Amino acid sequence: QTCALPISQRGHAIELRVYAEDPTRDDLPAPGPLLLYREPSRPGVRVDSGVGEGGEVSVHYDPLIAKLVVTADTREAARRRALETLGEFPILGVQTNVALLGAILRHPRFVSGQLDTRLLETEGAVLRAESAPAQPSPNVLAIASAARRLPSARTAAASSAGQDPWDTLRGARG
């Protein structure tokens, strides 16, 4: 005997994959150091990543930086939330596809939902031209580089106490 449960749709989600790649060079990987990397944190937003500020996007692995998942009650609200969230996701040190993702989210075919898997084939040149990355100024890069060399609060506290607090937590589970 089978039991058929009704399936109901509740809300919308959009997943964006943030890559270290160069949209102006056919999306070639763009490895390098993550001088500045701050994940957005707000309701309806989840970031799954395996990188952090001060880390590096290696030539030896997939240049995926993060999966950004946004949810909202409607598709349009999820799309707007995704655009806002991309604007709150600063990454310096590597080129990313963040501007390209924003251009896709603003494209009329995406907005209307009239798209297919060939969007980049048919509209890629226009989307990439719209999203040509602006190079950060030397001042911004210098500030990010200097911030990277500053000890973190955890390191500073450990230095002043003479021990690393994480050493005392080995084996502990929350």
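The values are calculated or read from the model by the stated rules, or taken from the named source; none is laboratory data. All of these numbers come straight from a predicted model, not from anything done at the bench. Just so you know, the surface numbers come from the protein's heavy atoms only, side chains and all, with ligands and any DNA or RNA stripped out. Shrake-Rupley method; radii C 1.70, N 1.55, O 1.52, S 1.80 Å.
On the accessible surface of region 9-77, probed at 1.4 Å, how many percent belong to carbon and sulfur atoms? Walk me through the numbers before you get to the answer.
Values: 1880 of 4030 Å².
With neighbouring chains kept in place, the figure for region 9-77 is 47 percent.
Any idea of the accessible area per residue across region 1-47, 1.4 Å probe, to the nearest Å²? Let's see the in-between values first.
Numbers: 3420 Å² over 47 residues.
Averaged over the residues of region 1-47, the accessible area is 73 Å².
List the residues, sorted by chain then number, that are 5 or more residues from residue 56 or on another chain and whose placed amide H is less than 5 Å from its amide H.
34
Tell me the volume per residue, in Å³, of the convex hull enclosing the alpha carbons of region 16-65.
Taking the convex hull of the Cα positions in region 16-65, it is 90 Å³ per residue.
Kindly report, to the nearest 10 Å², the accessible surface of residue 106 as traced by a 1.4 Å probe over protein heavy atoms only.
130
Using a 1.4 angstrom probe on the protein heavy atoms only, could you order 68, 101, 28 from most to least accessible area?
Details: 68 0, 101 25, 28 80 Å².
Heavy-atom accessible area, descending, gives 28, 101, 68.
Give me the Debye-computed log₁₀ of I(q)/I(0) at q = 0.12, 0.14, 0.27, 0.28 Å⁻¹ for region 48-118, equal point scatterers on Cα only, no solvent, two decimals.
-0.40, -0.54, -1.33, -1.38
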